[in-house]
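Only one structure is covered here, and it is reproduced in the block below.
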């Protein structure tokens with residue numbers, strides 16, 4: 001597990017895959033089986049992450065690695081660890097704040113705190129951002145734009 | 001048709017719907033006049049392609065002949081694709097795209113919600129993942145549909161025309177065939193009549209909010225689910241499959 005916690009997310013390298021909560025299980029037998037949950041169906045990082053896990057384990061002398069994609073239960077932003085959320089904030093991305101409820105997905109998020117000045121006086125600039133998992137916001141107090149990691 | 005054949009056909013069809021709509025949306029990537037909509041379209045297209053991959057991978061396993069997701073996408077002929085006619089319709093203008101997405105995704109979300117309770121574990125798992133994505137799309141597309149309908153005279157009139165023209169393709173989404181019936185009976189699958197009732201109520205409310213008129217159900221086109229497609233689809237897969245057909249087995 002500590003070897004895996006050194007594997008960065010290719011889209012947001014400040015986070016590791018264990019911060020993201022996508023490593024679901026590791027089984028050590030004749031082979032090492034790692035269960036990973038994809039984040040979005042079409043996330044282009046899925047294959048890169050799988051290859052990085054294989055590389056990380058091989059560097060540590062584990063040659064026989066099997067990756068399993070586990071779809072259920074589906075990954076949710078609720079699984080991002082507390083440490084992961086702090087790292088995101090320090091990196092300038094507002095972490096997902098509330099639970100990924102139906103209401104949240106249907107109505108959107110309000111009062112997202114600015115990762116720079118903590119003000120909740122912020123507004124949505126775009127529901128979509130540089131990757132599928134982020135939205136673009138602007139802080140009305142410090143006037144800085146920032147990205148928000150959407151709840152899903 | 002036995003239970004196993006019906007499951008394979010059902011899963012393949014889910015993949016076809018996702019791929020064809022995703023491919024249509026890919027055609028207009030980098031053509032949007034605004035960055036936000038550009039990103040929305042590209043993000044949504046990516047979700048659909050991702051869902052198609054999950055359905056096709058599973059279909060390949062069910063079929064057991066060693067076909068992978070790419071074989072399903074690139075090496076099947078026109079009449080082997082069983083998606084809805086609605087999804088192969090050309091992109092048209094922005095109002096056409098939004099109306100198409102609204103009509104399909106309002107149905108697709110209800111279908112996926114029902115599939116999360118079906119007896120086939122893998123389909124249920126994919127549905128759990130996919131429904132979250134579609135819910136997010138639908139919020140965006142519903143807002144746009146209402147904004148266009150309840151917008152200027154020009155946008156109101158144009159999106160009303162989009163709705164009127166696409167409406168004839170909505171009937172086949174709810175018309176169960178043998179595959180739907182077997183899937184419902186054997187795998188605790190969705191009840192399309194129930195889904196239709198909810199869909200009609202939801203769409204009627206959104207259309208009213210958009211100050212538009214609901215079209216009549218007098219003529220409904222069908223055939224997509226049986227592989228009989230409109231002329232548009234031939235051009236579409238010709239472009240999509242060109243590389244694999246010309247340079248078989250080409251890879252990155």
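The values are calculated or read from the model by the stated rules, or taken from the named source; none is laboratory data. This structure is a prediction, so every number in the text was calculated from the model and none was measured. Quick reminder, even Gly has a Cβ in these numbers, built from the backbone with ideal geometry, and neighbours come from all protein chains shown.
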Residue in the stretch B:99-106 that is buried (at least 17 other Cβ atoms within 10 Å of the Cβ) and farther than 27 Å from residue A:74 by Cβ present: yes
The stretch B:126-152 - residue that is more than 10 Å from chain A (Cβ to nearest Cβ) and out of contact with any helix residue (DSSP H, G or I) (no Cβ under 6 Å at 6 or more places or on another chain) and, of those, surrounded by the most Cβ atoms within 10 Å (Cβ to Cβ): B:151
Residue pairs meeting the criteria (Cβ under 6 Å; at least 6 apart or on separate chains; first surrounded by 16 or more Cβ atoms within 10 Å (Cβ to Cβ), in the stretch B:56-67; second in a loop (DSSP other than H, G, I, E, B)): B:60/B:67; B:60/B:68
Boolean, residue A:63 is within 21 Å of the chain's Cα centre (by Cα) and either modelled with pLDDT under 90 or more than 14 Å from every other protein chain (Cβ to nearest Cβ) (or both): no
Matching residues, the stretch A:99-124, being at pLDDT below 90 and in contact with a helix residue (DSSP H, G or I) (Cβ under 8 Å, 6 or more places away or on another chain): A:99, A:100, A:102, A:105, A:106, A:107, A:108
Residue in the stretch A:125-152 that is modelled with the highest pLDDT, counting only those that are out of contact with any strand residue (DSSP E or B) (no Cβ under 6 Å at 6 or more places or on another chain) and facing chain B (nearest Cβ under 9 Å): A:128
Options A:54, A:49; residue that is surrounded by 15 or more Cβ atoms within 10 Å (Cβ to Cβ), modelled with pLDDT of 90 or more, closer than 29 Å to residue B:116 by Cα and touching a strand residue (DSSP E or B) at 6+ places or on another chain (Cβ under 9 Å): A:49
Of residues in the stretch B:16-39 being buried (at least 21 other Cβ atoms within 10 Å of the Cβ) and within 12 Å of chain A (Cβ to nearest Cβ), the one modelled with the lowest pLDDT: B:39
Members of the stretch A:18-46 that are more than 18 Å from the chain's Cα centre (by Cα) and either within 20 Å of residue B:124 (Cβ to Cβ) or loosely packed, with under 14 Cβ neighbours inside 10 Å (or both): A:27, A:28, A:29, A:30, A:31
Selection within the stretch B:170-185 - more than 18 Å from the chain's Cα centre (by Cα) and surrounded by fewer than 16 Cβ atoms within 10 Å (Cβ to Cβ): B:178, B:181, B:185
Condition met for residue B:229 (crowded, with 16+ Cβ neighbours inside 10 Å and in a loop (DSSP other than H, G, I, E, B)): yes
Boolean, residue B:155 is more than 14 Å from chain A (Cβ to nearest Cβ) and under 27 Å from residue B:36 (Cα atoms): yes
Options B:161, B:198, B:211; residue that is more than 14 Å from every other protein chain (Cβ to nearest Cβ), modelled with pLDDT of 95 or more and not in a helix (DSSP H, G or I): B:211
